[in-house]
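Heads up, the thing below is written out as structure tokens.
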Amino acid sequence: MNEKQRSILLDSSSRFPPPPGVKLSYGTAGFRADATILQSTVFRVGILAALRSLKTQSVIGLMITASHNKVSDNGVKIADPSGGMLTQAWEPFADALANVPDSLHLVQLVDDFVMKENIPLEVVQSAVILLGRDTRPSGESLLEAAKQGISSIVGAVAVDMGVLTTPQLHWMVRFRNKGMKATEMDYFNQLSNSFRCLIDLIPPGSSVNVMDKLIVDGANGVGGEKLQVLKKVLHGLDIQIRNSGKEGVLNDEVGADYVQKEKVVPRGFAPADAGMRCASLDGDADRLVYFSAIQNSNNRIRLVDGDKILSLFALFIKEQLSILNDNEGDRETNSYPATLGVVQTAYANGASTDYLKHLGLEVVFTPTGVKYLHEKAAEYDIGIYFEANGHGTILLSEGLLQWLDGRSSEPSLTSKGSEQQKAALRLLAVSKLINPAVGDALSGLLLVEAILQHMGWSIHRWNELYHDLPSRQLKVKVVERSAVVTANAETVVVRPLGIQEAINAETAKYPRGRCFVRPSGTEDVVRVYAEASTEEAADNLANSVAQLVDQFLGFRSS
Ligand code: G16
């Protein structure tokens, strides 16, 4: 690093001292904490983003959001050149940078990292970082801190994209790096055009016109706002938006996280909505769940979670692949040996995994966090990943897309307008509708709606694909959540010693019992998940394991 760069960095970082006594880590989805302590962290992530852009010679994204967390929290995360999450190889540097105690040490740390990574700082290079934020009130000043961090690296330019959903920013980064125009309007147009394409390909006879309106809970966040814009360019779908943020508080008894965890109707819904097809987005619109309220039942719902969205997508894609491979003896020349795999986490309801396996699909598990699921799904020609909480997407390989392109325009097929050609066109439309960078509630919602129309299914028919095993999730506040260390895709606790044996003993008391605990990467809690054959048993198992966590790690034990 030359003297000029060193002094700019020294000067700017001295204006963003870290809060004393706070240690942050780049968790499941970047840094998250109470917004009041994040100025320094976000400034420093600005530096990291600039270095990442210089290193990769690509556009990088920086998003200010704490997604499902409460409104007083905020956070920051990086989108890599592919539009995916920051490479895990840079996470240790992110941690070190966020926690370095003063400016002198910060300059030294950056200097060492620049040398180690061979980042071309001295040459006049340009780095471009797209910035986005959700609707949190703290977002604006944190975005300023990010800009300051970016501009403390010579040649780095911050482009403020304003208020966006997290998936929109990831999408823009991906397509800018492919040399394409990727404005917000391009995003909306791509979604609505590919949705239209899927609707136009619905076989005659499906009940396209009998679909009633969809009611969407916007979590009082950015998702509702953006859905309003999308609605204007969308045809063939009647959407009513609730909790669009004009009055209520972000994520306060609204949104996908609340609906999925509590299994109750969010605020803003009336008894008259019972039985209707409803969807819920989370605070930054990267998660989606569906539900329908049960009449006269104390706000209880039938939840249609990420696992069931995954199952619907898997079923549809499998159907298209089998149409494509049905070549009447021509298999050798015309079929593509596409691998299809689904990725879940330990939170996946056991009934969903059984169902997917029963469909003949390969099901694999990773730890929680899109960064793990995405990486695994990318190993297949078609990889579908979903967390039960509604975060997921579909990845299609370049090889398969090229083959589909060829199939969709093959003259022998087009002349007949064959079923195979339509199946190829449907899969191509899915690849354009679904966000290839990250889970996206808006594009996911349109794909669900297109498939339901294709099948002629109501939400109730969809929900009948299989019956969820009763489950319960709890949070336990502990002294130090990092004291919990897990293995085997988070299904086993290896530390503290003895707790796993105690959990096993408790679980063994319940038919179809399954239970695990893990430290959250976005909140200061340990999460407990329990599943059993009845609601009461799942509740009891979750409660007794929560007590175990408290005994081993809680404030009472210290
Ligand atoms: C983030 C991650 C998800 C993860 C969720 C909860 O979601 O993107 O992969 O499931 O946090 O993580 P944890 O249980 O570690 O707190 P979001 O929607 O908050 O960005």
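Just a few scattered comments:
- Given (1) farther than 25 Å from R32 by Cβ; (2) within 16 Å of the ligand (Cβ to nearest atom); (3) outside any strand (DSSP E or B), number of the condition D524 does not satisfy: (1)
- All conditions but one from (1) touching a strand residue (DSSP E or B) at 6+ places or on another chain (Cβ under 9 Å); (2) buried (at least 23 other Cβ atoms within 10 Å of the Cβ); (3) closer than 26 Å to T368 by Cα apply to S53; the one that does not is (3).
- Failed item, numbered, when L433 is tested on (1) within 16 Å of the ligand (Cβ to nearest atom); (2) at pLDDT 95 or above: (1)
- Filter result (within 24 Å of the chain's Cα centre (by Cα), assigned to a loop (DSSP other than H, G, I, E, B) and surrounded by fewer than 14 Cβ atoms within 10 Å (Cβ to Cβ)) within segment 468-521: N488
- Among the residues of segment 61-77, those that are away from the ligand (no atom under 13 Å from the Cβ) and of a type in the set (A, V, I, L, M, F, W, C) comprise L62, V71.
- Filter result (in a loop (DSSP other than H, G, I, E, B) and of a type in the set (A, V, I, L, M, F, W, C)) within segment 101-142: I119, L121, V123, V124
- Meets criteria (modelled with pLDDT of 95 or more, in the same structural domain as L169 (by the TED database) and aliphatic (A, V, I, L, M)) for V22: no
- Residue tally, condition β-branched (V, I, T) and part of a strand (DSSP E or B), over segment 143-167: 3
- Summed over segment 11-43, the residues that are away from the ligand (no atom under 15 Å from the Cβ), surrounded by fewer than 21 Cβ atoms within 10 Å (Cβ to Cβ) and closer than 30 Å to H374 by Cβ give a count of 4.
- Here K246, K308 are screened, and the one residue that is without any contact (Cβ under 8 Å) to a residue 12 or more places away in the chain, of a type outside the set (A, V, I, L, M, F, W, C) and more than 16 Å from the ligand (Cβ to nearest atom) is K246.
- Complete set of residues in segment 254-298 that are on the phi > 0 side of the Ramachandran plot and either surrounded by fewer than 17 Cβ atoms within 10 Å (Cβ to Cβ) or within 16 Å of the ligand (Cβ to nearest atom) (or both): G255, G275, A285, N296, N298
- Selection of strands (runs of 3 or more DSSP E) fully inside segment 218-328 by the criterion of at least 1 residues being within 20 Å of the chain's Cα centre (by Cα) returns 277-281, 288-293, 301-304.
- Listed by position, the helices (runs of 4 or more DSSP H) contained in segment 372-448 that have at least 3 residues being over 20 Å from E319 (Cα atoms) and assigned by the TED database to the domain that holds K263 form an empty set.
- Restricting the first member to segment 500-524 and to residues that are closer than 26 Å to K371 by Cβ, and the second to residues that are polar (S, T, N, Q) and assigned to a helix (DSSP H, G or I), the beta-carbon pairs closer than 7 Å and six or more apart or on different chains are R514/T507; C515/T507; P519/S482.
- Within segment 32-46, being in contact with a helix residue (DSSP H, G or I) (Cβ under 8 Å, 6 or more places away or on another chain) and either basic (K, R) or outside the structural domain of S103 (by the TED database) (or both) holds for one residue alone: R44.
The values are calculated or read from the model by the stated rules, or taken from the named source; none is laboratory data. A quick note: this is a predicted structure, and the numbers were derived from the prediction, not measured. Heads up, the Cβs are rebuilt from the backbone with ideal geometry, glycines too, and the neighbour counts pull from every protein chain shown.
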